[in-house]
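Heads up: the structure comes next, in structure tokens.
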Amino acid sequence: MAKGSSTSPAVGRALDLLSYLAQRTGTVTASTLARDLALPRSSVYHILTVLTERGFTVYVPEARGYALGAAAYQLASAFTMHDQLERLARPVLRTVAAAAGITVHLGILRGASTLYLLKEYPPRQSELEPPLVTAVGVLLPAHLTANGRAILAHLPPEQLRALYSRPGDFVSRTGRGPRTLEELQTALALERAQGWSEEVELIAAGLRSAAAPIFDLHGQPVAAISCTWRSRVALRDPSELIGHLVDGAREITRRLQ
């Protein structure tokens with residue numbers, strides 16, 4: 001049953017609803033939520049509308065029910081994972097940067113954006129290194145960054161739909177990139193199959209990036225490591241650079257588990 005709130009009943013009801021969904025593995029109908037939480041059905045629909053708009057819940061048409069959305073998972077992950085993730089990932093990023101000779105980033109999802117948490121430089125700067133916009137704390141559209149796409153590629157379909165449900169969600173910085181959910185899903189399926197993601201001049205002209213995903217104890221994508229280089233520079237062996245990223249991501253995954 002829902003608990004009362006003397007200061008903000010609406011907030012209390014929303015939190016009760018989220019707590020209820022967090023204890024269920026499948027979807028739950030609005031009528032079930034209203035019954036079990038002893039709330040008016042109209043109030044439940046209003047709360048669900050707001051929570052769904054903000055990504056904390058997602059409606060699954062096939063089941064005619066609701067489940068936790070990407071924002072709820074990200075909030076929970078942020079509470080427990082960030083400090084541990086940064087502590088475990090930093091030495092690995094340092095090793096990858098030295099081996100690949102390029103700056104390496106650690107990023108996570110923040111809504112539909114990529115948030116960069118860490119940045120490690122190689123011992124010596126190379127001609128690959130461009131001026132970067134991926135400073136620690138910077139937010140960039142996740143569907144355009146290799147880092148974000150590496151995570152998006154492994155999200156459940158309903159979470160991806162919740163993040164990209166409107167045409168306006170597909171912003172573009174260079175005139176390139178996916179413009180619809182179908183285009184994004186097609187690209188992510190290919191990247192998921194190959195085990196790493198890449199973007200070419202989606203964030204800035206003349207730059208390209210690659211990234212590999214990091215998974216938590218439950219196999220959920222929680223972060224990615226990435227690097228960016230000048231697209232005009234022909235890499236002697238691109239697979240070597242990608243290999244360093246993939247190996248680094250696997251090592252961080254191992255440490256998290």
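Filtering segment 30-71 to residues that are at positive phi and touching a residue at least 40 places away in the same chain (Cβ under 8 Å) leaves only GLY55.
Out of the residues in segment 148-171 that are among the small types (Gly, Ala, Ser) and in a helix (DSSP H, G or I), which is surrounded by the most Cβ atoms within 10 Å (Cβ to Cβ)? Per the criteria, the residue is ALA150.
Kindly indicate which of THR25, THR29, THR52 is out of contact with any Asp or Glu (no Cβ under 8 Å at 6 or more places or on another chain), surrounded by fewer than 18 Cβ atoms within 10 Å (Cβ to Cβ), at pLDDT 90 or above and over 23 Å from ARG166 (Cβ atoms).
Sole residue among the options that is out of contact with any Asp or Glu (no Cβ under 8 Å at 6 or more places or on another chain), surrounded by fewer than 18 Cβ atoms within 10 Å (Cβ to Cβ), at pLDDT 90 or above and over 23 Å from ARG166 (Cβ atoms): THR29.
Would you check if there is a residue in segment 147-157 being farther than 25 Å from ALA193 by Cα, hydrophobic (A, V, I, L, M, F, W, C) and either out of contact with any helix residue (DSSP H, G or I) (no Cβ under 9 Å at 6 or more places or on another chain) or modelled with pLDDT under 90 (or both)? Within segment 147-157 (the criterion being farther than 25 Å from ALA193 by Cα, hydrophobic (A, V, I, L, M, F, W, C) and either out of contact with any helix residue (DSSP H, G or I) (no Cβ under 9 Å at 6 or more places or on another chain) or modelled with pLDDT under 90 (or both)), the answer is no, since none of the residues qualifies.
Considering the conditions (1) under 27 Å from LEU88 (Cβ atoms); (2) surrounded by 14 or more Cβ atoms within 10 Å (Cβ to Cβ); (3) within 15 Å of the chain's Cα centre (by Cα); (4) without any contact (Cβ under 8 Å) to a residue 60 or more places away in the chain, GLU199 is excluded by exactly one of them, (3).
From the list THR103, THR114, THR174, the one residue that fits, being at pLDDT 90 or above, more than 26 Å from VAL58 (Cβ to Cβ) and either loosely packed, with under 15 Cβ neighbours inside 10 Å or hydroxyl-bearing (Ser, Thr, Tyr) (or both), is THR103. For the structure I just gave you, tell me whether TYR73 is part of a helix (DSSP H, G or I) and modelled with pLDDT of 90 or more. No: the conditions fail for TYR73. Being of a type in the set (Ser, Thr, Tyr) and either more than 18 Å from ARG149 (Cα to Cα) or surrounded by fewer than 17 Cβ atoms within 10 Å (Cβ to Cβ) (or both) is a condition met by at least one residue of segment 233-240. In segment 117-145, of all residues being at pLDDT 80 or above and hydrophobic (A, V, I, L, M, F, W, C), the one that is surrounded by the fewest Cβ atoms within 10 Å (Cβ to Cβ) corresponds to LEU139. Can you find a residue that is part of a helix (DSSP H, G or I) and either within 28 Å of THR27 (Cβ to Cβ) or not polar (S, T, N, Q) (or both) anywhere in segment 201-217? No; the residues of segment 201-217 include none that is part of a helix (DSSP H, G or I) and either within 28 Å of THR27 (Cβ to Cβ) or not polar (S, T, N, Q) (or both).
The values are calculated or read from the model by the stated rules, or taken from the named source; none is laboratory data. Predicted model, so just to flag it, every value in this text is computed and none were measured. Positions of Cβ are generated from backbone atoms using ideal geometry, with glycine treated the same way; all protein chains shown enter the neighbour counts.
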